[in-house]
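Worksheet: one structure, shown below.
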Amino acid sequence: MPESSAPSMQFAMSRYDRLHTPIKLLFLSLTIIGIIFFLIYLFSWYPFGWVLTSFTFYYILYAIFFSTAFLVLPMLKRHSNRVPWFDYVFMVLALGIFTYLAVNAREITEFGWLATPETHQTIIAGIIAVMAVEGGRRMAGLPFAIICLLVGTYPLYAHQLPGMFWGMNF
């Protein structure tokens, strides 16, 4: 392991070590559930006759592992000793949204998005985008989040850029 990543890993592990026992149990339970879903998908097992499709599997993994990232990775360094209330909100929001998407994965796969998405679809997409940038910032830092924002919003301003950076109006 490179020396530059060792302090950040130690920082993340120290926050896990300081979590309260119920939160540690939640974290470990969700991780075990994620591993079980991985095995079900990998070996094409059909528990209770239920087929785990690709999109359902991906949404379940996002629900489990993306939500737990907010418990382990602090928003600010001063929160390294405790989990503030808004990290719980992010966790529950991620768990809820991706569980909703997992439950509706078959419909999403078969029918796709409408030409004009419904209001709740737009709200869900916006929340996921904000949480993804925040999760990326927590893992890789502010420069990574800025790059994600620039690339993510590129379709909004691509028609105003010159030369090879030009794109169609969104």
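The values are calculated or read from the model by the stated rules, or taken from the named source; none is laboratory data. Because the structure is predicted, anything quoted here is derived from the model rather than measured. As a convention, Cβ positions derive from the backbone with ideal geometry for all residues, glycine included, and neighbour counts pool all protein chains shown. Accessible surface is based on the protein model in full, side chains and every heavy atom, while ligands, DNA and RNA are left aside. Shrake-Rupley method; radii C 1.70, N 1.55, O 1.52, S 1.80 Å.
L52 fulfils the conditions (1) modelled with pLDDT under 95; (2) in contact with a helix residue (DSSP H, G or I) (Cβ under 6 Å, 6 or more places away or on another chain); (3) assigned to a helix (DSSP H, G or I); (4) not charged (D, E, K, R) except for a single criterion, (3).
Listed conditions (1) at pLDDT 90 or above; (2) surrounded by 12 or more Cβ atoms within 10 Å (Cβ to Cβ); (3) in a helix (DSSP H, G or I) are all met by L39, apart from (2).
Is there any pair with a first residue in the stretch 75-98 that is touching a residue at least 24 places away in the same chain (Cβ under 8 Å) and within 16 Å of F27 (Cα to Cα) and a second that is open to solvent by 20 Å² or more (accessible area, probe 1.4 Å) and among the β-branched types (V, I, T) whose Cβ atoms are under 7 Å apart and which are 6 or more apart or on different chains, and what are they? From residues that are touching a residue at least 24 places away in the same chain (Cβ under 8 Å) and within 16 Å of F27 (Cα to Cα), the pairs are V83/I23; L93/I127. Restricting the stretch 1-36 to residues that are over 20 Å from the mean Cα position of the chain (by Cα), open to solvent by less than 80 Å² (accessible area, probe 1.4 Å) and closer than 23 Å to W85 by Cα leaves a set whose member that is modelled with the lowest pLDDT is F11. Residue pairs whose Cβ atoms lie under 6 Å apart, sitting 6 or more positions apart in sequence or on different chains, and linking a residue in the stretch 145-162 that is in contact (Cβ under 8 Å) with a residue 12 or more places away in the chain to a partner that is among the β-branched types (V, I, T), are A145/V133; C148/V133.
Name the helices (runs of 4 or more DSSP H) wholly inside the stretch 73-161 in which the number of residues that are touching a Leu at 6+ places or on another chain (Cβ under 9 Å) and either modelled with pLDDT under 95 or surrounded by 11 or more Cβ atoms within 10 Å (Cβ to Cβ) (or both) is 1 or more.
Details: elements: 85-103, 105-111, 119-140, 142-152, 154-157.
Qualifying helices (runs of 4 or more DSSP H): 85-103, 105-111, 119-140, 154-157.
Candidates are the residues of the stretch 139-170 that are of a type outside the set (A, V, I, L, M, F, W, C) and in contact with a helix residue (DSSP H, G or I) (Cβ under 7 Å, 6 or more places away or on another chain); the one that is nearest to S80 (Cα to Cα) is G152.
If the condition is being in contact (Cβ under 8 Å) with a residue 40 or more places away in the chain and of a type outside the set (V, I, T), then the stretch 99-131 contributes L101, A102, A105, R106, M131.
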